[in-house]
1. Could you tell me which of the residues A28, A23, A7, A19 is small (G, A, S), modelled with pLDDT under 90, surrounded by fewer than 11 Cβ atoms within 10 Å (Cβ to Cβ) and part of a helix (DSSP H, G or I)?
2. Would you mention how many residues in the range 31-54 are exposed (fewer than 11 other Cβ atoms within 10 Å of the Cβ) and of a type in the set (K, R)?
3. Go through the range 82-96 residue by residue and tally those that are of a type outside the set (G, A, S) and part of a helix (DSSP H, G or I).
4. Looking at E69, E79, E57, which one is surrounded by 10 or more Cβ atoms within 10 Å (Cβ to Cβ), within 15 Å of the chain's Cα centre (by Cα) and either without any contact (Cβ under 8 Å) to a residue 12 or more places away in the chain or in a loop (DSSP other than H, G, I, E, B) (or both)?
Amino acid sequence: MNDTQPADQKPRTDRPHRASARAVEFRALEVTVQDGNFNRAMSMLKRKMANEGIYKELRKRRFYEKPSEEKKRRHREAERRRKKALRIARERGYVR
């Protein structure tokens, strides 16, 4: 038991241990074929995969990325998000 939990409370098991915090949790994507319409089921599956970010993850993992390159990429992405948020805030009149 650690010091922050009461003695009668069990440790939480619904979240990963710190060592495995970067582990990917896999959830099954499920699509049902209705009325034999396979093409519609495939398009629904592709849409679900896109929304889950599977395509982006596959593209990212296609080649090895050095830790320094990953850090630079994350900084670039964060800067792009900040600029976008600032641009939107200016358009809406929140910031001058």
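1. Details: A28 fails: part of a helix (DSSP H, G or I); A23 fails: part of a helix (DSSP H, G or I); A7 fails: part of a helix (DSSP H, G or I).
Result of the check over A28, A23, A7, A19: A19.
2. Of the residues in the range 31-54, 0 are exposed (fewer than 11 other Cβ atoms within 10 Å of the Cβ) and of a type in the set (K, R).
3. Filtering the range 82-96 down to residues of a type outside the set (G, A, S) leaves 82-84, 86-88, 90-92, 94-96.
Subsequent filtering for residues that are part of a helix (DSSP H, G or I) retains 82-84, 86-88, 90-91.
Counting residues in the range 82-96 that are of a type outside the set (G, A, S) and part of a helix (DSSP H, G or I) gives 8.
4. Values: E69 fails: within 15 Å of the chain's Cα centre (by Cα); E79 fails: within 15 Å of the chain's Cα centre (by Cα).
Only one candidate passes the filter, namely E57.
The values are calculated or read from the model by the stated rules, or taken from the named source; none is laboratory data. Note that the structure is predicted; figures quoted are calculated from it, not measured. Because the Cβ atoms are built from the backbone with ideal geometry, glycine has one as well, and the counts that use them run over all protein chains shown.
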